[in-house]
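One structure below.
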There are 2 protein chains.
Amino acid sequence: MQNFVFENPTKIIFGKGTIARIGAEVRRFGTRALMVYGMGSIRTGGVYGQVLNSLKEAGVEFVEFPGVRSNPLLSKAREGIALARAEKVDVVLAVGGGSVIDTAKTIAAGTKADHDPWEFFVYTKTVKDALPVLVVLTLSASASEMNPAAVITKDETCQKYSVRSPLIQPKASILDPQVLYTLSPAYTAYSAVDIVTHMLEGYFTNTETGESPLQDRMVYAFMRTIMEAAEKSLADPRDYDARANFMWSGTLAFNGLTTAGMGIVGYPVHMMEHSLSALYDIAHGAGLSIVLPGWMAWSAKRKPARFACLAREFFGAAEADDAKAAAAGISQLRDWFRSIRSPVSLGEGGIPEGDMEKIADNAVELARTWRLKDYTKEVIMEVLQHCR
Amino acid sequence: MQNFVFENPTKIIFGKGTIARIGAEVRRFGTRALMVYGMGSIRTGGVYGQVLNSLKEAGVEFVEFPGVRSNPLLSKAREGIALARAEKVDVVLAVGGGSVIDTAKTIAAGTKADHDPWEFFVYTKTVKDALPVLVVLTLSASASEMNPAAVITKDETCQKYSVRSPLIQPKASILDPQVLYTLSPAYTAYSAVDIVTHMLEGYFTNTETGESPLQDRMVYAFMRTIMEAAEKSLADPRDYDARANFMWSGTLAFNGLTTAGMGIVGYPVHMMEHSLSALYDIAHGAGLSIVLPGWMAWSAKRKPARFACLAREFFGAAEADDAKAAAAGISQLRDWFRSIRSPVSLGEGGIPEGDMEKIADNAVELARTWRLKDYTKEVIMEVLQHCR
């Protein structure tokens, strides 16, 4: 096991009816909140009213900042920063999923900075101060509700970059699984793909050279639960326990637990997918189910043992040969993605195969920023060949 | 899944050579530390020198408070409180295992209170303030390094009671697995028993009425890793990865993760064991390996399904009948305790069977304080019959 520091102070308030507690949580940190949300789904789902009532009861004033889209834009975060400053808010409240939370995090850090927030994302500046961020989660996938990361796309250049800082990690997050009742089958599936990908990228790319029985078993535990819960949620969208298991597993899957002790991990699949969704506005999860199995097939040629390990331990593959076992595991994962109707090829995702070079050109720049030096344009093209 | 709040802000600094970082961590909270430790094993193991060097380098003054014994005493904590006040310390640093950490926690809360610390343990007072607690862990078992609980025995009455407060939860804990190299085979085994018992009590006593696939799988993941790592550590005490897996699993096993969402859990096995170790000064883990299988056998008669679940899912029992499967699982657990040379009966633990009534008299009072109302003297006697 590699040395590590694990520190995750986010307070999770989980369960039925917990949204009513957001006002009191916000009030611990301030009296004037910027309420960041998306395209209005929180209004139809009833979350909006619950949040407003709770804020009012707690005596919290708020300024609304709606309109955050998926694959959130830097320009939108800049608008939020201007508003937060003008309105002199002391808290940023995200009501939404990863896109909304990441926008809120960017606003929280940007408001306290004397430079453009993009500098955080290209590592020319570090976050030194931030407004406190609180969350009412409405979509499980990113685990941004319990981690220090944010991802933003720069409009002008289609660059989808990320920043990490303990200062933007949410102070408290409310997770009421009932908010997922209205989540469409497609987004239920995409969320599952996203969560599975988070764990498998950590599982495959780490620099730990020995065995990692503890972390591996956590990955299997969370992944099995996510897959079961996704299937149950698709069969019955109002299955509370399925939504609850999904929600809590999704958070635990990417809050640092499964990678603590694994050394450095990389996110090449997310990196390549970021190019897909930056260029095509495809759903993030849909992009991942295209790239992940292809990347695994490409990568298994280099270190089949680890891919065979997943295949045997998780998928029950019986093949004695590592390469064959690995292939069987990848095939099972692809079949499962197919079974929940998430696309498993560029063509199924509506992405022209002829655009591979354009995608690779976009991704290779991100590879540099994400310190994935092995991912040259040629390598990315090669991986994309496996995603056809 | 039941509603829950999960908040665990302890910073874990894990790995080889990390003890050198304790000075800087203490310095974040103060400049004058009470250094609490045990009977001197930290001097022979080299930990003492590492801690002192680190404190000195960080410019932290310190007062030593050695001599904490296992099953720590209230009288000792009272002495510590007097010293902490006289020396005007602003931090309490525990260098040890559960007994030392729990004494440090009691001192931290007691120093800030205007009443006897025992009042926290009998719930006549709550903790309202405490000095910050930091930890250098030297023995894995209690998970006190990452949880808000402390257990203390009142000398005069042999009462072993506990308190919980977020205010006494360690701010930071240093976990260097190398400190376990010198741990004896007996205490390696007892630690494993303690950790397994923490998880199984949560697993069996919770008030969740539905399925709990996520929490169950975490229990299986941590328990399998602890058992494997204990065996490897017994075979080679300086197997770093085995000690590391043991240490981190032991912390995760009882830091709130496996019981979040499970409703209320009880600790009847720990309750009865506390009576054993209060009366006989038997090692805590040794007492647990006597009580746990007996309690499971007694309890499985009442709800065999859950015990059959563990037997099938974890131990691979094939019996179709729940009661038979449960018995097979319990038998396997007892065999495993035997294999690591932890006692599995009162007789093996050197406890006279004729003392059962005396033990039950001690335990029944604890049952009241721990809100285990079903555990009358008769019930406890009945359970003890299964521990012969």
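In this structure the amide hydrogen of A:A94, modeled in the peptide plane, comes within under 5 Å of the amide hydrogens of A:V36, A:L134, A:V135, A:V136, none closer than 5 places in sequence on its chain.
Rounded if a/c is under 1.5, else prolate if a/b beats b/c, else oblate: with a ≥ b ≥ c from the C-alpha gyration tensor eigenvalues square-rooted, which is segment B:11-178? Present the calculation step by step, with values, prior to reporting the outcome.
On the way: a/c = 1.67, a/b = 1.46, b/c = 1.14.
Cα axes put segment B:11-178 in the prolate bin.
For B:K377, the lysines whose Cα falls under 19 Å of its own Cα, not counting residues fewer than eight places away in the same chain, are B:K160, B:K301, B:K358. How big is the gap, in Å, between the Cα center of segment B:350-388 and the Cα center of segment A:53-112? Distance between centres, Cα-based: 57 Å. Three semi-axes describe the equivalent ellipsoid of segment B:185-385; taken as square roots of 5 times the Cα gyration tensor eigenvalues and ordered largest first, they are 24, 21, 16 Å.
Mean partner shielding of peptide A:212-219, defined as the number of other chain Cβ atoms within 10 Å of each residue Cβ, is 6. For segment B:169-255, the calculated P(r) over all alpha carbon pairs, in 5 Å bins from 0 to the bin holding the longest distance, is 3, 14, 25, 21, 16, 11, 6, 3, 1 percent.
Using the eigenvalues of the Cα gyration tensor, what equivalent ellipsoid semi-axes result for segment A:346-388 when each is taken as the square root of five times the eigenvalue, whole Å, largest first? Kindly include the intermediate steps, with their values, before the conclusion.
Details: eigenvalues 78, 19, 13 Å².
Output for segment A:346-388: semi-axes of 20, 10, 8 Å.
Report the charge-dipole magnitude of segment B:185-385 in Debye, nearest 20, computed about the Cα centre from +1 at each Lys and Arg Cβ and -1 at each Asp and Glu Cβ. Walk me through the numbers before you get to the answer.
On the way: 19 positive and 26 negative charges, 50 e Å.
In debye, rounded to 20, segment B:185-385 gives about 240.
Relative to the longest principal Cα axis of chain B, at what angle does helix B:240-252 sit, 0 to 90 degrees, rounded to 10? Compared with the principal axis, the helix lies near 80 degrees. Have a look at A:V179, B:S212, A:M356 and report the one farthest towards the positive end of the charge dipole of the protein assembly as shown, computed about the Cα centre with Cβ charges (Lys/Arg +1, Asp/Glu -1). So the residue furthest toward the plus end is A:V179. Among beta bridges identified by DSSP and lying wholly in chain A, the antiparallel ones come to about 20 percent. Cross-link partners of B:K125 among aspartates and glutamates, defined as those whose alpha carbon lies under 12 angstrom from its own and excluding same-chain residues fewer than eight positions apart: B:D114, B:D116. Among A:H115, B:H198, B:H284, the ranking by other beta carbons within 10 Å of each residue's beta carbon, starting with the fewest, stands as A:H115, B:H284, B:H198. Phi-derived couplings, Karplus 6.51 cos²θ - 1.76 cosθ + 1.60 at θ = phi - 60°, listed residue by residue for segment B:117-124: x, 4, 4, 5, 7, 9, 6, 8 Hz, with x used for Gly and Pro.
I'd like to know how segment B:1-65 sits against the 2.2 N^0.38 Å rule of thumb: what's its Cα Rg over that expected value? Walk me through the intermediate numbers first.
Working: Rg = 15.2 Å, N = 65, 2.2 N^0.38 = 10.7 Å.
Cα-based Rg divided by the globular estimate yields 1.41.
Here's the list of aspartates and glutamates a cross-link from B:K16 could span, going by alpha-carbon distance under 15 Å and ignoring same-chain residues fewer than 8 apart: A:E208, B:D176, B:D239, B:D241.
Between B:V63 and A:I264, the simple label model (points 7 Å from Cα in the Cβ direction) yields a spacing of 4.7 nm.
Rounded to the nearest 20, the Cβ-based charge dipole of segment A:1-119 about its Cα centre (Lys and Arg +1, Asp and Glu -1) stands at 340 debye.
For the protein assembly as shown, the percent of C-alpha pairs falling in each 10 Å distance bin, counted from 0 to the bin holding the largest distance, reads 3, 13, 22, 25, 20, 12, 4, 1, 0. With the cut-off at under 20 Å, measuring from each backbone N in segment A:104-129 to a point 7 Å along the Cα-to-Cβ line of A:K171 picks out A:104-113, A:127-129. What is the Cα centroid distance between segment A:146-174 and segment B:247-268, reported in whole angstrom? Each part reduced to its Cα centre gives a spacing of 31 Å. Relative contact order for chain A: 15 percent, from Cα pairs under 8 Å spaced at least 6 residues apart, divided by residue count. Which is farthest toward the positive dipole end of segment B:1-104 among B:I13, B:L52, B:A24, measuring Cα position about the Cα centre, with Cβ charges +1 (Lys, Arg) and -1 (Asp, Glu)? Result: B:L52.
If you put +1 on each Lys and Arg Cβ and -1 on each Asp and Glu Cβ, how big is the dipole of the protein assembly as shown around its Cα centre, in Debye rounded to 20? Please report the intermediate quantities before stating the final value.
Values: 82 positive and 86 negative charges, 221 e Å.
Charge dipole of the protein assembly as shown: 1060 debye, to the nearest 20.
Over all pairs of different C-alpha atoms in segment B:206-246, the reciprocal of the mean inverse distance, the Kirkwood hydrodynamic radius, equals 11.5 Å. Taking one quarter of the surface of the convex hull spanned by the alpha-carbon atoms of segment B:117-229 gives a direction-averaged projected area of 9.5 nm².
Is there a pair in A:K232/B:K324; B:K56/B:K128; A:K171/A:K232; B:K154/B:K373 whose C-alpha atoms are over 25 Å apart, and which pairs would that be?
Working: A:K232/B:K324 31 Å; B:K56/B:K128 31 Å; A:K171/A:K232 31 Å; B:K154/B:K373 22 Å.
Result: A:K232/B:K324; B:K56/B:K128; A:K171/A:K232 exceed 25 Å.
Placing a pseudo-label 7 Å from each Cα along the Cα-to-Cβ vector at A:T369 and B:V122 gives an inter-label distance of 6.3 nm. Rounded to the nearest 500, the 222 nm mean residue ellipticity of the protein assembly as shown from helices alone is -15500 deg cm²/dmol, with -39,500 (n - 2.57) taken per DSSP H run of at least 4 residues. Think of chain A as having a plus end and a minus end, set by charges on the Cβ of Lys, Arg, Asp and Glu; of A:S162, A:F120, A:V344, A:F120 sits farthest toward the positive end of this dipole. Both numbers refer to the Cα atoms of chain B; Rg and Dmax are 20.2, 65 Å. Each Lys or Arg adds one and each Asp or Glu subtracts one; over the other residues with Cβ under 15 Å from the Cβ of A:N53, this totals -1.
Laboratory data are not the source of any read-out in this text; all were calculated from the coordinates shown. What you see is a predicted model, and the numbers here were worked out from it, not measured in a lab. Here the Cβ is made from the backbone with ideal geometry for all residues, glycine too, and neighbour counts use every protein chain on show.
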